[in-house]
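A.B. asks: Quick one: structure below, then a few questions.
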Amino acid sequence: MELNNPNLPSDTVIVTKLDEAIGWARESSLWPMIFGTACCAIEFMSVAASKYDISRFGAEVVRFSPRQADLMIVAGTITYKQAPILKQIYDQMSEPKWVVSMGACACSGGFYDNYCTLQGIDEIIPVDMYVGGCPPRPEALLDALLCIQKDLRTNKYNPDRHKDFKGLLDES
Amino acid sequence: MSHEYITVAPSELHSVIYNRYKEGFNYLLDITAIDYTEHIDSHDEDYAVVYIIRHKDFKLHVVIKTYLPTLEIDTITDIFSGANWLEREVYDQYGIKFINHPNLRRVLNHKEFVGHPLRKSYPITKGQLLYEVDDLIDEMNNRLLSKEVVCSLEDGSFSDCNKDLMFLNLGPSHPASHGTIRTYVALDGETIEAAVSEIGYLHRGFEKSCENHTYNQIVPYTDRLNYCSAISNNIAFVKTVEDMLGVTLSERAQAIRVMLLELSRIEDHVVCLAAVLVDMGGLTNYWYMYNPREDIYDLLSKLTGARLTNSFMRVGGMANDLYDGFEEELKEVIKKVQYGVQETLALIKHNRIFHDRTQNVGVINAQDAINASMTGPNLRASGVSFDMRKDTPYYGYEKYEFDVIVGSVGDVYDRVMVRFGEIDESIKIIDQVMQNLPDGEVNIKDASITLPSKEAVYTTIEGAMNQFKLTYEGVKVPSKEYYGSIEATNGELGFFIVSDGSGTPYKVKVKAPSFTAMSAYPQMVEGSQLADAILTLGSLNIIAGEMDR
Ligand code: SF4
């Protein structure tokens, strides 16, 4: 039976697998840590504003506090000067955590192919979802959110999924 | 309008600038350097430093250049406080030393960065991994020492002499720091005793990237300087290039640019106001102010194909003419903006909390603001009526009726209210433009500047060649050095371009209003409460993309 079936009588006891119950709970209560640095962050403001309204998906508790967040949205260009800070904040987030790379810059450096721009945040932290565009439209970010939620619902996510990740700033 | 371009000997530079200052050139626009090593015309020396200063009637500017036999020159920080960061930037990017500068360290690049990226010899893609965060403690100690909050001990270290200070970082990644800006503060209780700022976290190498793209390819990069009002950056850049080419746009193109500039101004001001009110805890206003911005987005995406980064301008004109029905839709959007502004003002205008939190907070007086090279709404909030649209009009701004909004105190309140006032004035201008929009083409007809019609490209060999050459080689700009600027949303946005006659600029320097505003910021917040520092930053509307470039 579907957990979110609205027709359940109120005194029902549901038996399910713990994993699934947890996945279901996580799905609808993602707390984003928005790491906004540039233009893409302005589009994130649109996602948060009432027209696109990220709270429809239960992901509006933007608290900018890594220890309370489980979904990192990197929106904007990451420079080499910024990179250690991004990594530190990622490390401070407690497991399990997911990372959305929003926009061309975060995904690949975008069209800033030069001495100061990190050529994609996956050089330093693992990424779960890439959103293309410069900047992506708000719908695209919402779509990434929905994809992550779907993975959580179907329990595709594996707690050890980034075990072997080694970024440029990790000790070799 | 004639502006002066003069060359002086390095030994005389300080006195020349000082004399000019005495003559009334009391506004420093920009400092930059040029690396001539790959320039086709021969020059005596490899490096030159360039200073751009403006007269106090705001009509005339002078570009002063000096060739450097050795990579050293006297600082002018004793004349202009705004020179402090500008000189640090030249030092950072070119490795030129400023003798007697109070704090000559890098400003945009990381302290561990090796080399000087804007030198021609620095390879553009050579990135460097950097680890250590700058603790800023020496800069802070000097600041505290100068304010006599700490004493230096005999062994060269420092101690608190009369206060128990707590040190705190605001940023670089903090929701209230509006982007990636770091301010390191020394607190006595909740009061900021001293503050120093570090920037450069969004330094994306705009100026270096310009050196390997053609003029039209740079337009999308300019979008991303001030991403809250992309089109105004486009216009500032292409207008400078057009001035260098000596072309004049059609009346229609000029009028459309004025309309789009004012629309960008509205766009920028609403997002600044929405954000600063959120900083104050007024979330309701965010919906009132941000939703009209969405409507502007819809209008612009229909016009330009993109919501935020429009890239609408081209050298010699723009991508398209207005579409049918644009005018009606624009009117609707303006109505929504007005509604948002009214509702917001109804909530805050007579609100005691708003007044208490903003009045006499983050004050900078007129003289200091000028000396620190602040521009735009931030300068006008201090009571200086400098607006390029009035003082050095372009695109027929002199024809339109509008007022320059000025404040009196230079506090957060004034900066917020000046922006509210400017939204109204911009709407007035847009109305006037749309009432008398001239007919005609939006692009000039010059095969060496604008692309041929698609029909010509597909049916004639000349058309195909023309398109090919212009796209690959770019618009050829005559060899010269030129500074051009407009009144963008945040203040005077200027481009100093060195052209060597090819389709790619030899050098581009942006005169970024946020950069100098930010350099004045640490001292503006000293003595105020920690929470006020947040509002002060928000009200200055620092846009990291334009500040760090
Ligand atoms: S991807 Fe594009 S819009 Fe996003 S931060 Fe980079 S340049 Fe800006």
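A.B. asks: If you check residue B:297 against the conditions, is it within 16 Å of the ligand (Cβ to nearest atom), out of contact with any Gly (no Cβ under 7 Å at 6 or more places or on another chain) and outside any loop (DSSP other than H, G, I, E, B)?
C.D. replies: Details: within 16 Å of the ligand (Cβ to nearest atom): yes; out of contact with any Gly (no Cβ under 7 Å at 6 or more places or on another chain): yes; outside any loop (DSSP other than H, G, I, E, B): yes.
Here the answer is yes, as residue B:297 does meet what is asked.
A.B. asks: How many of the residues making up the range B:265-302 are farther than 24 Å from residue B:348 by Cβ and touching a helix residue (DSSP H, G or I) at 6+ places or on another chain (Cβ under 6 Å)?
C.D. replies: Keep residues of the range B:265-302 that are farther than 24 Å from residue B:348 by Cβ, which gives B:297-302.
After this cut, where a residue has to be touching a helix residue (DSSP H, G or I) at 6+ places or on another chain (Cβ under 6 Å) as well, the list is B:299.
Number satisfying all stated conditions: 1.
A.B. asks: If you take just the helices (runs of 4 or more DSSP H) that sit entirely in the range B:392-485, which of them hold at least 2 residues that are within 23 Å of the chain's Cα centre (by Cα)?
C.D. replies: In the range B:392-485, the matching helices (runs of 4 or more DSSP H) lie at B:412-435.
A.B. asks: Among what's in the range A:117-134 and is more than 8 Å from every other protein chain (Cβ to nearest Cβ) and among the β-branched types (Val, Ile, Thr), pick the residue that is nearest to the ligand (Cβ to nearest atom).
C.D. replies: Per the stated criteria, the residue is A:131.
A.B. asks: Within the range B:207-254, take every residue that is of a type in the set (Phe, Trp, Tyr) and under 13 Å from the mean Cα position of the chain (by Cα) and give me the one that is nearest to the other protein chains (Cβ to nearest Cβ). Explain how you work it out, then say what you get.
C.D. replies: Quick first cut of the range B:207-254, residues of a type in the set (Phe, Trp, Tyr) only: B:215, B:221, B:227, B:237.
Next, from what is left, pick out any that are under 13 Å from the mean Cα position of the chain (by Cα): B:227, B:237.
Values: B:227: 4, B:237: 16 Å.
Result: B:227.
A.B. asks: May I pose another question? Take the residues in the range A:86-116 that are facing chain B (nearest Cβ under 7 Å) and under 17 Å from residue B:548 (Cα atoms); name whichever of them is nearest to the ligand (Cβ to nearest atom).
C.D. replies: Checked the range A:86-116; the qualifying residue nearest to the ligand (Cβ to nearest atom) is A:112.
A.B. asks: Anything in the range B:300-316 that is outside any helix (DSSP H, G or I) and either surrounded by fewer than 19 Cβ atoms within 10 Å (Cβ to Cβ) or within 12 Å of another protein chain (Cβ to nearest Cβ) (or both)? List them, or say none.
C.D. replies: Applying the first criterion (outside any helix (DSSP H, G or I)) to the range B:300-316 yields B:305-316.
Passing the criteria: B:305, B:306, B:307, B:308, B:309, B:310, B:311.
A.B. asks: Still on this structure, I have one more. Report, ordered by the first and then the second residue, all pairs with beta carbons closer than 9 Å, sequence separation of six or more or different chains, a first member in the range B:135-149 that is at negative phi and of a type outside the set (Phe, Trp, Tyr), and a second member that is open to solvent by 80 Å² or more (accessible area, probe 1.4 Å) and modelled with pLDDT under 75.
C.D. replies: Qualifying pairs under 9 Å: B:149/B:162.
A.B. asks: Checking the condition more than 11 Å from the ligand (Cβ to nearest atom), closer than 23 Å to residue A:151 by Cβ and open to solvent by 20 Å² or more (accessible area, probe 1.4 Å), which residue from A:48, A:59 passes?
C.D. replies: After applying the criteria, what remains is A:48.
A.B. asks: Right, next: Given the criteria assigned to a helix (DSSP H, G or I), in contact with a strand residue (DSSP E or B) (Cβ under 7 Å, 6 or more places away or on another chain), within 16 Å of the ligand (Cβ to nearest atom) and on the phi < 0 side of the Ramachandran plot, does residue B:219 qualify?
C.D. replies: Judged against the criteria, residue B:219 is a match.
A.B. asks: Of the conditions (1) away from the ligand (no atom under 16 Å from the Cβ); (2) assigned to a helix (DSSP H, G or I); (3) closer than 21 Å to residue B:471 by Cα, residue B:247 satisfies every one except a single condition; which number is it?
C.D. replies: The number of the failed condition is (2).
A.B. asks: Which ranges mark the strands (runs of 3 or more DSSP E) fully within the range B:1-106 that have 1 or more residues being more than 22 Å from residue B:384 (Cβ to Cβ) and open to solvent by 50 Å² or more (accessible area, probe 1.4 Å)?
C.D. replies: On the way: elements: B:4-7, B:27-35, B:47-54, B:61-68, B:72-74, B:97-99.
Those strands (runs of 3 or more DSSP E) span B:4-7, B:61-68, B:72-74, B:97-99.
A.B. asks: Give the range A:62-77 a look and list any residue that's surrounded by 23 or more Cβ atoms within 10 Å (Cβ to Cβ) and either within 9 Å of chain B (Cβ to nearest Cβ) or without any contact (Cβ under 8 Å) to a residue 12 or more places away in the chain (or both), or say none.
C.D. replies: If the condition is that a residue be surrounded by 23 or more Cβ atoms within 10 Å (Cβ to Cβ) and either within 9 Å of chain B (Cβ to nearest Cβ) or without any contact (Cβ under 8 Å) to a residue 12 or more places away in the chain (or both), then A:76, A:77 are the ones that fit.
A.B. asks: Test residue A:81 against the stated conditions and say whether it is farther than 27 Å from residue B:292 by Cβ, more than 12 Å from every other protein chain (Cβ to nearest Cβ) and not polar (S, T, N, Q). Break it down stepwise before answering.
C.D. replies: Details: farther than 27 Å from residue B:292 by Cβ: yes; more than 12 Å from every other protein chain (Cβ to nearest Cβ): no; not polar (S, T, N, Q): yes.
Against the criterion (farther than 27 Å from residue B:292 by Cβ, more than 12 Å from every other protein chain (Cβ to nearest Cβ) and not polar (S, T, N, Q)), residue A:81 does not qualify.
A.B. asks: Quick check on this structure: which one of A:30, A:8 is away from the ligand (no atom under 16 Å from the Cβ), among the hydrophobic types (A, V, I, L, M, F, W, C), surrounded by fewer than 24 Cβ atoms within 10 Å (Cβ to Cβ) and under 30 Å from residue B:180 (Cβ atoms)?
C.D. replies: A:30
A.B. asks: Which pairs do you get when a residue that is more than 27 Å from residue A:149 (Cβ to Cβ) and in contact (Cβ under 8 Å) with a residue 60 or more places away in the chain, found in the range A:105-132, comes within reach of a residue that is open to solvent by 30 Å² or more (accessible area, probe 1.4 Å) and within 11 Å of the ligand (Cβ to nearest atom), reach meaning Cβ atoms under 8 angstrom, with the pair 6+ apart or on two chains?
C.D. replies: If the second residue must be open to solvent by 30 Å² or more (accessible area, probe 1.4 Å) and within 11 Å of the ligand (Cβ to nearest atom), no pairs are left.
A.B. asks: Right, something else. Answer yes if at least one residue in the range B:275-288 is open to solvent by less than 10 Å² (accessible area, probe 1.4 Å) and either within 16 Å of the ligand (Cβ to nearest atom) or within 11 Å of chain A (Cβ to nearest Cβ) (or both), and no otherwise.
C.D. replies: Looking for residues that are open to solvent by less than 10 Å² (accessible area, probe 1.4 Å) and either within 16 Å of the ligand (Cβ to nearest atom) or within 11 Å of chain A (Cβ to nearest Cβ) (or both), one finds none in the range B:275-288, hence no.
The values are calculated or read from the model by the stated rules, or taken from the named source; none is laboratory data. If you're wondering where the values come from, they're calculated on a predicted model, not measured in any experiment. Here Cβ is always computed from backbone atoms with ideal geometry, including for glycine, and neighbour counts include all displayed protein chains. Side chains included, ligands, DNA and RNA excluded: accessible areas come from the protein's heavy atoms. Shrake-Rupley method; radii C 1.70, N 1.55, O 1.52, S 1.80 Å.
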